[in-house]
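K.L.:
Dropping a structure here in structure tokens format, bear with me for questions.
Every number in this text was worked out from the coordinates using simple rules, so none of it is lab data. The structure presented is a predicted model; accordingly, all values stated were derived computationally and were not measured. Because the Cβ atoms are built from the backbone with ideal geometry, glycine has one as well, and the counts that use them run over all protein chains shown.
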Amino acid sequence: MRRVVVVSVVVLQLGFVARGYWSDHKEFGFQMFPESSTWRADVVRVTADGRRVPVELPWSGYRWDELVQDRGLSYPSVRHHADAGLDNQLAFLDAALDWVADNTPRDRETRYLEASVTAWHNDDPPRRELLRSGVRGGAR
Amino acid sequence: MTAAAVGARPHGLASRLDELLGRAVSMRGLALLRVLTGPVVLLHLQPFISDGLDGRIYSDAFYEPYAAWYPELTGAAYVGLLLLGAVAAVAMSLGVLTRLATAATFAIVAYNVFLSTTHFHNNRAYLLIVLGLLAVAPSGRELSVDAWVRRRRGLPALDTSAPGWPLWLLRFECAAVYGASGLSKLVDPDWFGGTVTWQRVVRARDDLEAWPLPDWAVSVLTDRGFHTGAAKFIVLTELFIAIGLWWRGSRYAAVWVAVVFHVSIEASASVQVFSFLAIAVLVIWAVPSTRDRVLRIDPTAARHRRLGAVVRGLDWLARFRVEQAPAGSPLEVVDRDGTAVRGGPAVAFVLSRLPLTAWFALPALLVPAVRRARSPRAA
């Protein structure tokens, strides 16, 4: 029994370390300070009538920096270091767009949120990427 | 090689593994780690509790559950659970109902970390591993209120030795943390080539210039060529710690380097509880046996008495038995292998084996006179 537990933990740990090379979040992968990469994003609300409103402007009583406070996402328009790597950072930004779209019930005009991301992987040239939340129902 | 011999080998390996995992060893290192981990848990929970008491919890802002079925406490229940976690951490550290307190601390910290992907950080993963292994090890039989209560009641002390598998597993995890980190940098050309550290420092140049550093130092630290070498040094340091901890010949050097490494990280980056935890975990690399070295002091000599008091107060890993020698005897330490060291080298040796003074005293063991005194031939 003891042997099974110990071997299982060792195999699991080695598996997590290997998974860290392709997973966004790298739990138990222990890749510390992995990149010097940076990123910034223009995040907008795309409304039912087609307007693109920056999230820096409060809406329906919401503020982006109050809704999204963690993982360096509060001020996306400012260029930031991607603490745990670009893939990790952009996965969080993507999830944050969905969370905001799903958790702002007073907002009746936004169809979806969109982030135009510029990312610099270490000293590589910048790459651009578009992230979108799911489409919200009931927007007018 | 015969077919029978080939067939016997896996059985032999399994037996050797079982013997290693079941071998009774001292739990003193884990007991000390338990004591040290309580404050680390409090430090970890503090921002969550502080926010909770101010009326803000994880679900008030962006969070991302790992699984839809994961039970989510909200409001006062969540804050209450965190406070319970803090109480459990204090009880774990003090050794009050140690097994229960350690398991509760582990469960509450794990619950909170797995509430959201945003809660997960490397230092918290390491904390979970440490708490999980402390919870399965009988680490409360010494350095605990539980043990004190037993003594007060006149009950026989519980055996402070136990099967060593939690200790070996924690050693593996400790080495894995350094090894995984070093390996990921080794195989990344940007890291190993110096690009990552160079860019980080250049972008933080304003912060660097705010430090009391001479211009030439800032110039060196922001020089691309410097980082070509420095990055390799960092990567090899991590790998040296991961590997060096396993062998007695390199273990003290690895521990010494690890302390410098963590202090440097703490001074230059925000890593939450990682530095404190990682330095505390280093105590598990002490040989898991206790009172197997003898310190002989002359009770009539003030210097001897002072060293005896220091050892009684700071020998948290229980390395030494302190014995009285006849008046006029030199200060003497007898190591596990019977080697006797006297005078100044003995003081250096003793201080190098106490957790709080080891880092300062270990370099003294490299002084030729101390080395000569410690060689078996000198004894």
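K.L.:
Within the range A:45-131, report the trypsin sites (Lys or Arg not before Pro) that DSSP leaves as loop and that have at most 10 other Cβ atoms within 10 Å.
P.N.:
Passing sites in the range A:45-131 are A:Arg106.
K.L.:
If R0 is 30 Å, what FRET efficiency do you get for B:Ala110 and B:Ser50 from their C-beta distance, rounded to 0.05?
P.N.:
According to the calculation, E is roughly 0.90.
K.L.:
Let me know the longest stretch in chain B that avoids all trypsin sites (Lys or Arg not before Pro) found in a DSSP loop with at most 16 other C-beta atoms within 10 Å.
P.N.:
Within chain B, the longest run free of exposed trypsin sites (Lys or Arg not before Pro) spans B:154-290.
K.L.:
Indicate, rounded to the nearest 5 percent, the antiparallel portion of the DSSP beta bridges found entirely in the protein assembly as shown.
P.N.:
Here the antiparallel bridges make up roughly 85 percent for the protein assembly as shown.
K.L.:
While we're on this one: Under the √(5λ) rule applied to the eigenvalues of the Cα gyration tensor, what semi-axes describe the equivalent ellipsoid of the range B:24-158? Give them in Å, descending.
P.N.:
Values for the range B:24-158, descending: 31, 15, 11 Å.
K.L.:
Further question on the same structure: Divide by every residue of chain B the summed helix terms, -39500 (n - 2.57) for each DSSP H run of at least 4, and state the resulting mean residue ellipticity at 222 nm, rounded to the nearest 500 deg cm²/dmol.
P.N.:
-20000 deg cm²/dmol
K.L.:
What's the average, rounded to a whole number, of partner chain beta-carbon atoms within 10 Å of each residue's beta-carbon in B:195-206? Intermediate values should be presented prior to the final figure.
P.N.:
On the way: counts 5, 7, 2, 3, 8, 5, 1, 1, 4, 1, 0, 0.
Counting Cβ atoms of other protein chains within 10 Å of each residue's Cβ and averaging gives 3.
K.L.:
On average, how many beta carbons from a partner chain sit within 10 Å of the beta carbon of a residue in B:112-119?
P.N.:
3
K.L.:
Considering only DSSP beta bridges where both residues belong to chain B, give the percentage that are antiparallel (nearest 5).
P.N.:
Within chain B, antiparallel bridges account for around 65 percent of the total.
K.L.:
Starting from the Cα gyration tensor of the range B:243-379, take the square roots of the eigenvalues, sort them a ≥ b ≥ c, and report rounded, prolate or oblate (rounded when a/c is under 1.5, otherwise prolate if a/b is larger than b/c, else oblate).
P.N.:
Prolate, because a/c is 1.5 or more and a/b exceeds b/c.
K.L.:
Report relative contact order for chain B in percent, whole number only (criteria: Cα-Cα under 8 Å, sequence separation at least 6).
P.N.:
Worked out over chain B, it gives 16 percent.
K.L.:
In vacuo Debye scattering of the protein assembly as shown, one point per C-alpha: log10 I(q)/I(0) at q = 0.05, 0.11, 0.12 Å⁻¹?
P.N.:
Treating every Cα as an identical point scatterer, log10 I(q)/I(0) equals -0.26, -1.10, -1.24.
K.L.:
Determine the shielding of peptide A:19-32 by partner chains: average, over its residues, the number of Cβ atoms on other chains within 10 angstrom of each Cβ. Mind dumping the intermediate values first?
P.N.:
Numbers: counts 0, 4, 4, 0, 0, 1, 5, 5, 10, 10, 5, 14, 8, 14.
So the per-residue partner count for this stretch is 6.
K.L.:
Please state the equivalent ellipsoid semi-axes for the range A:1-122: what are the square roots of 5 times the Cα gyration tensor eigenvalues, largest first, in whole Å? Working shown, then result.
P.N.:
Numbers: eigenvalues 262, 60, 23 Å².
Output for the range A:1-122: semi-axes of 36, 17, 11 Å.
K.L.:
Now, a different point. If a paramagnetic tag sat 7 Å from the Cα of A:Ser8 along the Cα-Cβ line, which residues of the range B:22-49 would have the backbone N under 15 Å from that point?
P.N.:
none
K.L.:
Let me ask another. List the chymotrypsin sites (Phe, Trp or Tyr not before Pro) within the range A:1-63 that DSSP assigns to loop and that have no more than 12 neighbouring Cβ atoms inside 10 Å.
P.N.:
On the way: sites: A:Phe16, A:Tyr21, A:Trp22, A:Phe28, A:Phe30, A:Trp39, A:Trp59, A:Tyr62; in loops: A:Tyr21, A:Trp22, A:Phe28, A:Phe30.
Counting only loop positions with at most 12 other Cβ atoms within 10 Å, the chymotrypsin sites (Phe, Trp or Tyr not before Pro) in the range A:1-63 are A:Trp22.
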